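In what follows, a single structure is set out as structure tokens and then discussed.
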Amino acid sequence: MASRRSRIPATKYPVERFTLDNGLRVVLTPDRSAPVIGVAVVYDVGIRSEPEGRTGFAHLFEHLMFQGSENLEKLAHFRHVQGAGGTFNGSTHLDYTDYFETLPSNALERALFLEADRMRGPRLTEENLRNQVDVVKEEIRVNVLNRPYGGFPWLTLPPVMFDTFPNAHDGYGSFDDLESATVADAADFFRRYYASGNAVLAVSGDIDVAEATELVTRHFGDVPARPAPKRPDFTEPDLTAERRTSYTDALAPLPAVAGAWRVPDPVTDFAGYLPYVVLAEVLTDGDASRLVERLVQRDRTVSSLGGYLGFMGDPFDVRDPTALLLQAHLPPGGDVDKVLRTIDEELDRLAIDGLTDGELARTQARMATHLLRDTDAVLGRALQMAVLEQQRGEPGLLNELPRLVGEVTEEQVRAAAATLRPERRAAIEVIAGGAR
Amino acid sequence: MTTTTTPAGPRTLPPLGPTRKLKVPKQAERTLRNGLTVIAVRRPAVPLVEMRLWVPFGRVHLARGAMLSQTMLSGTESMTSVQIAAELQKVGGGLSAGVDPDRLMLSGAGLVTGLDRMLELLAEVLTSASYPSDEVATERDRLVDRIQVAQSQPAHLAREALLKRIYGRHPYATQTPEPGQIRAVRPAALRTLHSERVHPAGAQLVLVGDVQPEKALDAAERALGGWAGAGRTAELPATPPLEPGPLLLVDRPGSVQSSLRIALPAVSRTDPDHAPLQLANLIFGGYFSSRWVENIREDKGYTYGPHSGIEHSVAGSVLVAAAEVATEVTGPALLETTYELGRLASLPPKPEELEQARQYALGTLQLGMSTQAGLAALTSAYAGNGLRLDFLAEYAARLAKASIDDVAQAAARYLAPARAAIVVLGDAERVTPGLAALTTVRTEPVS
């Protein structure tokens, strides 16, 4: 069949940017098609900035930001957001921590008030700290300790690939570190990283720009100015020899494996990075993709397979160093070596023979759908624009992503595939300790 | 305590602006000659279209149903699985199939410029899925692997035990087939099942996105008008009433947490009690600012994500409360849970608690409708239960007018702990004493 290229559409969300005197950067992106808004506050601190001996602290601190603030009691934040018909959450990433709400648009001022109040000062009490350490321990039990494949591979692969504490440590944290955290640690972390100059506020959806600007200024204008701390250099050299390790997961019924290769700097070399984002999809998106066709359908050496950029699957909101990851679950008694060898073989084949007719265009069309679907939700827009502003000063890039993905060439994808050599690979194998 | 303060001193929470009335988007509907109902809703925010096809699928053989959904996209008379996937990809599209005891669901999304092509491919699969032996064999093994992984997950095991406990001999009681049953499924059985049960009569196709509804209906009629075939339909019996009884403790030695599941009676969306019950549920445990979450998470730190919600199925509704709690506090967590249920069932809620829950219920209706995917899911769930989107307005009105008395009565009727069926999955040796101090416990090994 001849390749017919679907035209890649784009969004045209307007973007208004400004910076308050205290250094807070603001992004507004109006869209009045539904009476809802998304509000996101992103702080430029994440797992990589945790002090040694304080694994899991960035995430623990995220919990503490919900425990009351200058004018609000514990529980008030939740009640005020939900009592306005909204939903909320926060999440901790390698390079940032976000706080967000989706609300009916009549709650705009309330949301700004709530975010400004905790930006001025969360209530950091011993009681709340002890309570949230307990809650976080239960979160870790649910997501890691009490379930098969817990933390695979986002917690288990970085220590294979990286050597320095910022990149290699467990971002969920050890129970020992969590339990020994103090209120003073939290206060210090807040003072250093939760500065107005280290934050971005984004509001999307049913807003009037002039009115929203006025409200943002009213509520955030007197947040005390503190400059952003200097971000350390987290760079690590690339691997020059393959690294492999394995561990037994007592609950896992089947073997699994994940492999990763370093990729170009997503921020300073975006053009060099994008082909890897496309490559991951060429390899793994659906039954017509390279590795699914080969490993799942033809060889039957794996039962499921995924591929993505960034340890948290966040191609456009992560900084260097990061990686392209492939992960697979194998059938009982599956041969991990064979799977890795086949992946190497397919990467070679792609690098040498190139793509088939239409393979790239259809992958790009599907990527466009995924990107557009994510931005359809007001919150998806606010969050992504906030991080794009923070890491690149370029929130409008969100509108450009489908097109830029569509402009990646076959040559670039081939060249990217050619760099994924076994000697640059870090891999981790899960041995099924729970096989029956 | 460390708190930063700013010179402005205490500030007060700004009031909410005027509420925007719930606007139900326009929809168009047509029932084709073959019995397929097509519903199209316009939401042009992004140049995409969402697709949901609901085919009634009650009383289908469990393993064959699961395998049918796993292999339906594995090939047709003229296309291989790779060709189907590639052709969908070309228009930015994708399709996936899933089953539950009520329905077979084909879901997808793609660039709106590809709507015709996606519908053609959907029709191709519906009318000539061929269940090729090789692909069926591959998918059989994959499904067995997936079931094995599911069976190692506490949430899945707790769910299985709960369903058995509350549904007894009803078809809803078992929803995951055993690996052995999957291995016995042959392609011929899938072709038979497809011809018997995958037919347009009674099915609903929902299209939501950047489309003119009438044009979308025309496109669907062109593509799917030729989907023929009539076969068996099957009605599910109503679900049995919930039988309270001893707590069922499922022993999973070595668990570092216990999975607590509590089932309570509930009513369908159209029942007059539904809106008050929904509000009572929110106040109990249905959202973060609920009594249960504030108690066992924010006060006591027993758990991370407790939640309760009403599950609507075609044959009945049930309210389920779920929490994963630390092993050492399993008994105390149950105590607090029963306390909160009992307190709400026997004392009316405070007016401000009700207003907060009401605003949340009304606000999240707006949020749920604000994306194409959200609208598609809602429209399809409604359609599968015989409702249309305009029911949203009626439901919002019911939420708006439910009084404290209405909510208190619903809580007394449905949330009373005496009516609960309770299942706990955890390390029996460690949690039995704490649970047995509160209620009668019956222990079973994990399946």
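Find which of A:Phe100, A:Gln327, A:Ser204 sits farthest along the positive direction of the dipole of chain A, computed with +1 on the beta-carbon of Lys and Arg, -1 on that of Asp and Glu, about the Cα centre. Among A:Phe100, A:Gln327, A:Ser204, the one farthest towards the positive end of the dipole of chain A is A:Gln327. For the residues A:Tyr193, A:Tyr96, B:Tyr304, a 1.4 Å probe over the protein chains yields an accessible-area ranking, largest first, of B:Tyr304, A:Tyr193, A:Tyr96. Expressed as a fraction of 2.2 N^0.38 Å, the value expected for a compact globular protein of N residues, the C-alpha radius of gyration of the stretch A:142-261 is 1.55. Given their separation in residues at 0.36 nm each and the Cα-Cα distance between them, B:Asp116 and B:Gln212 gain 33.2 nm when the chain is fully extended. Between the alpha-carbon centres of the stretch A:390-436 and the stretch B:214-233 there is a gap of 40 Å. What is chain B's relative contact order, in percent, from Cα pairs under 8 angstrom and six or more apart in sequence? Computed over chain B, the figure is 22 percent.
For the stretch B:164-304, the orientation-averaged shadow of the C-alpha convex hull comes to 15.4 nm² (one quarter of the hull surface). Placing unit charges on each Cβ (+1 for Lys and Arg, -1 for Asp and Glu) gives chain A a dipole about its Cα centre, and among A:Thr419, A:Ile343, A:Leu112 the Cα reaching farthest toward its positive end belongs to A:Ile343. The stretch between A:Asp299 and A:Phe175, if pulled fully straight at 0.36 nm per residue, gains 40.4 nm over its current Cα-Cα span.
Ordered by 1.4 Å accessible area with all protein chains kept, B:Tyr339, B:Tyr360, A:Tyr99 run largest first as B:Tyr339, B:Tyr360, A:Tyr99. Note on B:Met105: accessible area approximately 20 square angstrom, rounded to 10, probe 1.4 Å, nucleic acids and ligands left out. Compute the angle between helix B:81-90 and the longest alpha-carbon principal axis of chain B, please, reported from 0 to 90 degrees and rounded to the nearest 10. Value to nearest ten degrees: 80. Taking amide hydrogens as placed 1.01 Å from N in the peptide plane, the amide H of A:Ile431 sits under 5 Å from those of A:Tyr247, A:Thr248, A:Asp249, each at least 5 positions away in sequence or on another chain.
The Cα atoms of the stretch A:1-114 give a gyration tensor whose axes a ≥ b ≥ c have a/c of 1.5 or more with a/b no greater than b/c, which makes the shape oblate. Have a look at the DSSP beta bridges in the protein assembly as shown and tell me what percent are antiparallel, nearest 5. Of those bridges, close to 80 percent are antiparallel.
With every protein chain in place and a 1.4 angstrom probe, the accessible-area ranking of B:His307, B:His156, B:His199, largest first, reads B:His307, B:His156, B:His199. Placing unit charges on the Cβ atoms only, positive for Lys and Arg and negative for Asp and Glu, gives the stretch A:194-280 a dipole magnitude near 380 debye about its Cα centre. All C-alpha pair distances within chain A, sorted into 20 Å bins from zero, spread as 25, 55, 21, 0 percent across the bins. Magnitude of the charge dipole for chain B, about its Cα centre and with charges confined to Cβ atoms of Lys, Arg (+1) and Asp, Glu (-1), is about 580 debye. With R₀ set to 22 Å, the beta-carbon distance separating B:Arg222 from B:Ala201 gives a calculated FRET efficiency near 0.70. Counting every C-alpha pair in the stretch B:360-447, the share spaced more than 21 angstrom apart comes to 60%.
Per residue, the convex hull spanned by the Cα atoms of chain B amounts to 178 cubic angstrom. Return a whole-number percent for the relative contact order of the stretch A:1-145, with Cα pairs under 8 Å and 6 or more residues apart as the contact set. This gives 24 percent for the stretch A:1-145.
Remark on A:Asp320: its backbone amide H falls under 5 Å from those of A:Val267, a criterion applied only to residues 5 or more positions apart or on other chains, H modelled at 1.01 Å from N. Springs between Cα atoms under 10 Å define the GNM used for chain A, and in it the highest mean-square fluctuation of A:Ala250, A:Ala34, A:Ala426 occurs at A:Ala34. For the peptide A:356-368, the mean number of other protein chain Cβ atoms found within 10 angstrom of a residue's Cβ is 4. Share of carbon and sulfur in the accessible area of the stretch B:297-371 stands at 56%, probe radius 1.4 Å.
Binning the alpha carbon pair distances of the stretch A:186-247 at 10 angstrom intervals from zero yields the distribution 15, 28, 21, 19, 10, 7, expressed in whole percent. For the stretch A:307-391, the square roots of the Cα gyration tensor eigenvalues, ordered a ≥ b ≥ c, give a/c of at least 1.5 with a/b greater than b/c, which places it in the prolate category. Applying a length cut-off of 20 Å (Cα extent along the axis) and a mean Kyte-Doolittle floor of -0.5 to the DSSP H helices of chain A leaves A:270-284, A:336-353, A:378-392. In this Cβ point-charge picture (+1 for Lys and Arg, -1 for Asp and Glu), the protein assembly as shown has a dipole of about 2160 debye about its Cα centre. What the Cβ-Cβ distance of B:Thr440 and B:Glu328 gives, at R0 = 35 Å and to the nearest 0.05, is a FRET efficiency of 0.95.
Rounded to the nearest 10 degrees, the angle from helix B:115-128 to the longest Cα principal axis of chain B is 80 degrees.
Comparing Cα centroids, the stretch A:253-314 and the stretch A:339-382 end up 8 angstrom apart.
Close amide-amide hydrogen proximity is noted between B:Arg103 and B:Phe57, each under 5 Å apart and 5 or more residues distant or on a separate chain (H modeled in the peptide plane; Pro and chain starts excluded). In this structure, the pairs whose alpha-carbon distance is over 29 Å, taken from B:Lys21/B:Lys300; B:Lys23/B:Lys90; B:Lys164/B:Lys350; B:Lys26/B:Lys401; A:Lys12/B:Lys90, are B:Lys21/B:Lys300; B:Lys23/B:Lys90; B:Lys164/B:Lys350.
Per residue, the accessible area of the stretch A:253-300 comes to 25 Å², computed with a 1.4 Å probe over protein heavy atoms only.
Over the stretch A:60-188, the ratio between the Cα radius of gyration and 2.2 N^0.38 Å evaluates to 1.18. Cα gyration tensor of the protein assembly as shown, axes a ≥ b ≥ c as square roots of the eigenvalues: rounded (a/c below 1.5), prolate (a/b > b/c) or oblate? Taking the square roots of the gyration eigenvalues as a ≥ b ≥ c, the protein assembly as shown is rounded.
The relative contact order of the stretch A:246-353 comes to 34 percent, based on Cα pairs under 8 Å that sit 6 or more residues apart. When exposed loop sites are taken as trypsin sites (Lys or Arg not before Pro) in a DSSP loop with at most 14 other Cβ atoms within 10 Å, the longest stretch of chain B clear of them is B:233-387.
Averaged over the residues of A:132-140, the number of partner chain Cβ atoms lying within 10 Å of the residue Cβ comes to 5.
The values are calculated or read from the model by the stated rules, or taken from the named source; none is laboratory data. Quick caveat, the model's predicted, so the values are computed rather than measured. Note that we place each Cβ from the backbone using ideal geometry, even for glycine, and neighbour counts take in every protein chain shown. Keep in mind that these areas ignore ligands, DNA and RNA; they rest on the heavy atoms of the full protein, side chains included. Shrake-Rupley method; radii C 1.70, N 1.55, O 1.52, S 1.80 Å.
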